[in-house]
Amino acid sequence: MTFLDGLGIDALIVVGSTNRRYFSGWSADDHAPDRPSGVMLIAPDETILFASPTNLPWARAEVLPGVTTVELSQGWPSALADEVNARGFTIVGFEDAVTPVAHFWQLADKLEEGVRLVPVADAIDTMRTVKTERELGLIRQALDLTDIAFGRAASHLRVGLSERQLADFIDQQFQDLGSDGQAFDTIVASGPNAARPHHSPGSRAIQPGEPVIIDMGARVAGYCGDLTRTVWVGQPSSRLGTMYHLVAEAQRAAFAAIKSGVDARTVDQVARDVFAAADVEHYFVHGLGHAIGLRIHESPFLGNQSQDVLQAGQVITIEPGVYIPGWGGVRIEDVVVVEWNGCANLTHAPKFLGEGGSPS
């Protein structure tokens, strides 16, 4: 039984760059949603990547073993309709979340009578939640480079350095370490700016004893790393110390609740209970975490409204935080792989930093 059988389809058409890379290994991005660099037809006996004459040599050099590359000499709806019709497929899955409507209708118009197009984007996302050994290896590499870059950033941290300067330093480390660059825009939020979970680094200079949230991640072969640490220069304020230990406690409680078969919202609630006991739950303003992979935010999502169930082999972030307007915030984020009866932490960056930014 193939994954196509599990989806209830004869074949699958892949248009989006993320799933194209997942199924083919080809790293090309798309310059515009209506002009994909390549498209795929996945059949029971063959996986075909159609690429333009310009992209074909690049595609052939990168594709995974077993992927056939074919020159795309006409519009992709026509090319794939011809292939589907020639092979006699009657139920064909497509990525409804990313396929342009105009292209969908062009494809449907060229298919033979009786061929049915079935939306399967959500089902593919669900299938991709459990990582292969190859994917786990690439995620580990991305996380290892992220850990190294964080160590360098911690050593570089000093009073007077601006958020933007520190973020630029981190991004340069990703380049120097040989990664594909950052998995997302690096966050550096200092002092009161740390009360905004997704603050964009600015010109504010880092001051002694205040929280500095650093959220960063390298990318390797398309796969994302993700790490958040809260650091400071000099002696932390009493409030910072209290909030830091509380967030760390919430993270430890969440780790203990993780195993295959547990509802994602249950793990989120465990962390919230720690904050509720300290009467600060209203300062935890986002979900506990999410999966990572080729995208920085993937299913499952760990939040109080989540309907997801954790499965062994999923790679998820655990990132509790408190955000207090006018003061700042604390967030600590590690990445773990879900196991049958627990989880394994893939993050190795230190969590407690001493004076001057050096690990203690």
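Values quoted throughout were computed directly from the atomic coordinates according to the rules given, and no laboratory measurement underlies them. Note that this is a predicted model, so its numbers are computed, not measured. Every residue, glycine as well, gets a Cβ built from its backbone with ideal geometry; the counts of neighbours run over all protein chains shown.
A few notes on this one:
Table: residues versus (1) without any contact (Cβ under 8 Å) to a residue 40 or more places away in the chain; (2) among the hydrophobic types (A, V, I, L, M, F, W, C).
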site: 70; (1), (2): yes, yes
site: 75; (1), (2): yes, no
site: 97; (1), (2): no, yes
site: 104; (1), (2): yes, yes
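- Against the list (1) touching a residue at least 40 places away in the same chain (Cβ under 8 Å); (2) buried (at least 19 other Cβ atoms within 10 Å of the Cβ), the condition residue 34 fails is (2).
- Of all residues in segment 260-293 being acidic (Asp, Glu) and more than 17 Å from residue 331 (Cβ to Cβ), the one that is surrounded by the most Cβ atoms within 10 Å (Cβ to Cβ): 263
- Some residue of segment 132-140 being exposed (fewer than 15 other Cβ atoms within 10 Å of the Cβ), more than 30 Å from residue 225 (Cβ to Cβ) and without any contact (Cβ under 8 Å) to a residue 60 or more places away in the chain: no
- When segment 72-120 is filtered for residues that are of a type in the set (Asp, Glu), under 31 Å from the mean Cα position of the chain (by Cα) and either within 14 Å of residue 40 (Cβ to Cβ) or assigned to a helix (DSSP H, G or I) (or both), only 95 remains.
- Selected residue (criterion: surrounded by the fewest Cβ atoms within 10 Å (Cβ to Cβ)) from residues of segment 122-131 that are part of a helix (DSSP H, G or I) and touching a residue at least 40 places away in the same chain (Cβ under 8 Å): 127
- Odd one out for residue 175, checked against (1) crowded, with 21+ Cβ neighbours inside 10 Å; (2) free of Cβ contacts under 8 Å to residues at least 24 places away in the same chain: (1)
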